[in-house]
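Heads up, the thing below is written out as structure tokens.
The values are calculated or read from the model by the stated rules, or taken from the named source; none is laboratory data. Everything quoted here is computed from the prediction, not taken from an experiment. Please note: Cβ atoms are built from the backbone with ideal geometry, for glycine as well, and neighbour counts cover all protein chains shown. All accessible areas refer to the heavy atoms of the entire protein, side chains included, with ligands and DNA or RNA removed. Shrake-Rupley method; radii C 1.70, N 1.55, O 1.52, S 1.80 Å.
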Amino acid sequence: MAKIALALDVEDLDLAKNILREIKDYKIIVKIGYLLFIKGGVPLIDFVKNLGFEIFLDLKLHDIPNTVYNGVRSASELGIDYLTIHALGGREMLIRAVEGKKNNLKLLAVSILTSHSDDYLDYIGTKYSLDDLVLKLAKTSLECGVDGLVSSALEVKKLKSSINKDFLAVVPGIRLDKTAKDDQNRVATPEEAVKNGADILVIGRPILKSEDKKKTIEFILKEIDKVK
Ligand code: C5P
């Protein structure tokens, strides 16, 4: 069954901890990005782990191969479960990143950020279309041994049907009510995303801004469960 990764995008460490205490009974993944990790560091990771959550550290590493190897190794030692890297870092960087994995860490590759459009293709000077570049980077990442790919709910269907290999499809841009998009352009409901092949649904504001976070999580879990 697909899992929920709560994008814990809040500024305040105490607020973050209170939210986690409130929802500690649910088996979900907690996604921590730069904002909170830079403030909370290892003690925050330990706090999240001690509450029993899986941890997704969203650092999107992109550097020379040896530096990324060291970063992945160091993150593995924290006992986290998922870590993001950029596929644009190149084949050697991806291979070294995979070599740095320990303790069951799963590496998730980001291909092209959804904030980019065709202008970006011109910027990096590629001959590929955006879709073809996403597919090429996704295939290369998996060949190098990464465990999963981050993609939009719309891309995931194409990736799952064009790639002849099992991988974890991690999908942000989930909305319970498709009219409430915030700053996301292309959104899908939990049910649609899972039908398209999503394995992990990254969900922030629909849970964080809801009046009753527990009820919202339960609702999403039921939606996911509908898709067998
Ligand atoms: O609040 P919301 O549900 O839009 O949060 C989505 C999360 O997924 C955020 O942490 C955002 O940075 C992340 N994300 C995204 N789109 C991507 C990759 C990551 O929204 N393409």
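Could you pull out the residue among K39, K49, K17 that is over 20 Å from L59 (Cβ atoms) and not polar (S, T, N, Q)? Answer to the check: K17.
Contact annotation: residue pairs with Cβ atoms under 7 Å, 6 or more positions apart or on different chains, pairing a residue in region 39-65 that is closer than 23 Å to H86 by Cβ and part of a strand (DSSP E or B) with a partner that is open to solvent by less than 40 Å² (accessible area, probe 1.4 Å) and among the basic types (K, R), are F56/K31; D58/K31. Looking only at residues in region 19-34 that are part of a helix (DSSP H, G or I) and open to solvent by 80 Å² or more (accessible area, probe 1.4 Å), the one that is farthest from L201 (Cα to Cα) is R21. Just so you know, in region 1-18 the residues that are open to solvent by 10 Å² or more (accessible area, probe 1.4 Å) and in contact (Cβ under 8 Å) with a residue 24 or more places away in the chain include one that is farthest from L201 (Cα to Cα), and it is L13.
From the list A87, A97, A75, the one residue that fits, being at pLDDT 95 or above and touching a Ser or Thr at 6+ places or on another chain (Cβ under 8 Å), is A87. Given the criteria in contact with a Gly (Cβ under 8 Å, 6 or more places away or on another chain), open to solvent by 40 Å² or more (accessible area, probe 1.4 Å) and farther than 23 Å from L88 by Cα, does K49 qualify? The answer is yes for K49. Candidates in region 101-146 are the residues that are buried (at least 21 other Cβ atoms within 10 Å of the Cβ) and assigned to a strand (DSSP E or B); of these, the one that is nearest to the ligand (Cβ to nearest atom) is V110. Based on this model, can you work out whether L149 counts as modelled with pLDDT of 95 or more and either within 12 Å of the ligand (Cβ to nearest atom) or surrounded by 18 or more Cβ atoms within 10 Å (Cβ to Cβ) (or both)? Answer is yes for this residue. Taking only region 188-218 into account, find how many residues are over 21 Å from V10 (Cβ atoms) and either within 15 Å of the ligand (Cβ to nearest atom) or not in a helix (DSSP H, G or I) (or both). Qualifying residue count, region 188-218: 9.
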